[in-house]
1. If R₀ is 45 angstrom, what is the calculated FRET efficiency for the pair ILE292 and ARG30, using the beta carbon separation as r and rounding to 0.05?
2. Just to be sure I understand the model, the point goes 7 Å from the Cα along the line to the Cβ. What's the resulting ARG128 to ASP62 distance in nm?
3. Could you check the simple spin-label distance between ARG88 and ASN207, using points 7 Å along Cα→Cβ, in nm with one decimal?
4. If you take all C-alpha pairs in segment 190-234, what percent of them are over 16 Å apart?
5. Enumerate the calculated ³J(HN,Hα) couplings along segment 219-234 in order (Karplus 6.51 cos²θ - 1.76 cosθ + 1.60, θ = phi - 60°), each rounded to whole Hz, writing x wherever the residue is Gly or Pro.
6. Pairs to check: LYS28/LYS269; LYS153/LYS336; LYS126/LYS153; LYS98/LYS269; LYS28/LYS153. Give those whose C-alpha atoms are more than 29 Å from each other in this structure.
7. Using only DSSP helix segments of four residues or longer, with each worth -39500 (n - 2.57), what per-residue ellipticity at 222 nm results for the chain after dividing by its residue count and rounding to 500?
8. Could you tell me the convex hull volume per residue, in Å³, taken over the Cα atoms of segment 1-147?
Amino acid sequence: MTAQKDLYDAIVIGAGIQGCFTAYHLAKHRKRVLLLEQFFLPHSRGSSHGQSRIIRRAYPEDFYTQMMAECYQIWAQLEHEAGTQLYRQTGLLLLGMKENAELKIIQATLSRQGVEHQCLPSEELKQRFPNIRLARGEVGLLEKSGGVLYADKALRALQDAIRQLGGIVHDGEKVMEIKPGLLVVVKTTSRSYQAKSLIITAGPWTNRLLRPLGIELPLQTLRINVCYWREKVPGSYGVSQAFPCFLGFGLAPYHIYGLPSGEYPGLMKVCYHHGNNADPEERDCPAAFSDIQDVHILSCFVRDHLPNLEPEPAVMEHCMYTNTPDEHFILDRHPKYDNIVIGAGFSGHGFKLSPVVGKILYELSMKLMPSYDLTPFRISRFPRLGKAHI
């Protein structure tokens, strides 16, 4: 029998941003929590590393925009607790043709939810942001509260907060086996632990942990190229020049997004919101042909719309997305074991929403009434997950 000291209220597997916020909420509510991470921290193998992410309320779906209101509050609270800046308001510019359907839906959502925004016709857009070239007469939608989250700093602040609140963080400890039961037993490369509930936030490794528990989720792991482009005049696309984050709709097969220069001096991050199938264990494998195609799409966009950048990437890094078919998250209990909770499929847009995702996963694990309607996030929305998969 495992010693009493190894019995926890909850164990969280995966110390990315979702797992960290889940453990943070548990520790804040005085639960005995253990956060397990297979790699030594910090690491760049998952989806939460790197220096920056976009934060925005701009979404086609009301439910994300509603969740973001509380996310901004929790980000501000964490910033205050940590005594370090985690968010920089730059504004977010949505760019597309006037008739773009997604742009229209987002504008309607922002209006409905009372989020401050401004429509910029082509002429006004040119005056406000002269270093953006409107190759096809694009229009803009500016969301004032959009900006940059400092990702690495946020992870560090959360891990420190979890420890200060009495939570335990074990890194370099890979989970080898999960035994369901009234108390869940989690066996790692080092030892065994017991908990009243288990939360799995393992990103690309989620199905590896779930298969032995009789379920496989429709998750697709993608390797994303994170590209940085050199400014011809350093600082011309910087925050000091009031240059915003941007999201381009309908200008390529998938969205293109960018953040003002700052992470690397003189380099601007401009990326393609799509990637190629990848095994998380082999994410550093040589580039596929489709990688080269993605970078070519970006090069064309940079050449046509951002004339003060060199049209070839100066630095290229990688990140993993774990996508669901509809690109909405999975926040649910295991269909058979109600003390095992799953947070997965964040589909490349989960970082900003992690404060509320962590709160929801905490609520599910403690069998509390969830703060939000979880209909869009249930496993049961995938009808092909029949009995054979559960």
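The values are calculated or read from the model by the stated rules, or taken from the named source; none is laboratory data. Just so we're clear, the structure is a prediction, and the values are computed from it rather than from any experiment. When we count neighbours, we look across all protein chains shown, and the Cβ atoms used for this are built from the backbone with ideal geometry, even at glycine. Note: areas computed on protein heavy atoms with side chains; ligands, DNA, RNA excluded. Shrake-Rupley method; radii C 1.70, N 1.55, O 1.52, S 1.80 Å.
1. The value I calculate is 0.30.
2. 2.6
3. Between ARG88 and ASN207, the simple spin-label model gives 3.8 nm.
4. Result for the distance tail: 63 percent.
5. 10, 10, 8, 10, 9, 9, 8, 9, 10, 10, 10, 6, 6, 5, 10, x
6. Going by Cα-Cα distance, LYS28/LYS269; LYS153/LYS336; LYS126/LYS153 fall outside the 29 Å limit.
7. Roughly -8000 deg cm²/dmol at 222 nm, from the helical runs in the chain.
8. 168
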